[in-house]
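Working notes for the structure below.
The values are calculated or read from the model by the stated rules, or taken from the named source; none is laboratory data. From a predicted model like this one, the values you see are computed outputs, not experimental measurements. When we count neighbours, we look across all protein chains shown, and the Cβ atoms used for this are built from the backbone with ideal geometry, even at glycine.
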Amino acid sequence: MNRRSVASVIILTLITFGIYAIVWFVKSKDEMVKQGADIPTAWLMLVPIASIYWMWKWAGGVEHVTKGKSAQAINFILVFLLGLIGMAIIQSTFNKEIDEGAQLPMARVA
């Protein structure tokens, strides 16, 4: 996962009238798939009913990447109902996961 500023996610989404939100979803999906999450193609975001299914699978990917610290149902509610605020909360969660991964102790080589 890439570390992104929560403020930049909010500001860029507002400045681009929501276009950056789509870019953010696609990029985060690609990063989660690289870590083993099962998320279908982002093209499903453009299909009205399929977009809900895609968002549910994306929320499951967030749960997978955070190792269960952030539940799929909560992630779905955050992005589906709260929109921009939910995106900011989830990006903050991603950043915490990145920080925790960076703090893992390194093995000593003798």
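Matching residues to (1) at pLDDT below 95; (2) more than 22 Å from V9 (Cα to Cα); (3) hydroxyl-bearing (S, T, Y):
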residue	(1), (2), (3)
G36	yes, yes, no
Y53	no, yes, yes
W56	no, no, no
G60	no, no, no
K67	yes, yes, no
F80	yes, no, no
I90	no, no, no
G101	yes, no, no
M106	yes, yes, no
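Give the number of residues within segment 12-39 that are farther than 16 Å from I85 by Cα and in contact with a helix residue (DSSP H, G or I) (Cβ under 6 Å, 6 or more places away or on another chain).
6
Could you list all residues from segment 38-51 that are under 12 Å from the mean Cα position of the chain (by Cα) and at pLDDT below 95?
none
Among (1) closer than 18 Å to K96 by Cα; (2) under 14 Å from the mean Cα position of the chain (by Cα); (3) part of a helix (DSSP H, G or I); (4) without any contact (Cβ under 8 Å) to a residue 24 or more places away in the chain, where does K57 come up short?
(1)
Between a first residue in segment 67-87 that is among the β-branched types (V, I, T) and a second residue that is surrounded by fewer than 20 Cβ atoms within 10 Å (Cβ to Cβ), which pairs have beta carbons less than 6 Å apart while being 6 or more apart in sequence or on different chains?
V79/G86
Restricting the search to segment 1-52, which residues are of a type in the set (A, V, I, L, M), exposed (fewer than 12 other Cβ atoms within 10 Å of the Cβ) and over 26 Å from G101 (Cα atoms)? Give the derivation first.
The initial filter retains those residues of segment 1-52 that are of a type in the set (A, V, I, L, M), namely 1, 6-7, 9-12, 14-15, 19, 21-23, 26, 32-33, 37, 39, 42, 44-47, 49-50, 52.
Going one step further and asking which of them are exposed (fewer than 12 other Cβ atoms within 10 Å of the Cβ), we end up with 7, 15, 19, 46-47, 49.
Residues satisfying the conditions are I15, I19, L46, V47, I49.
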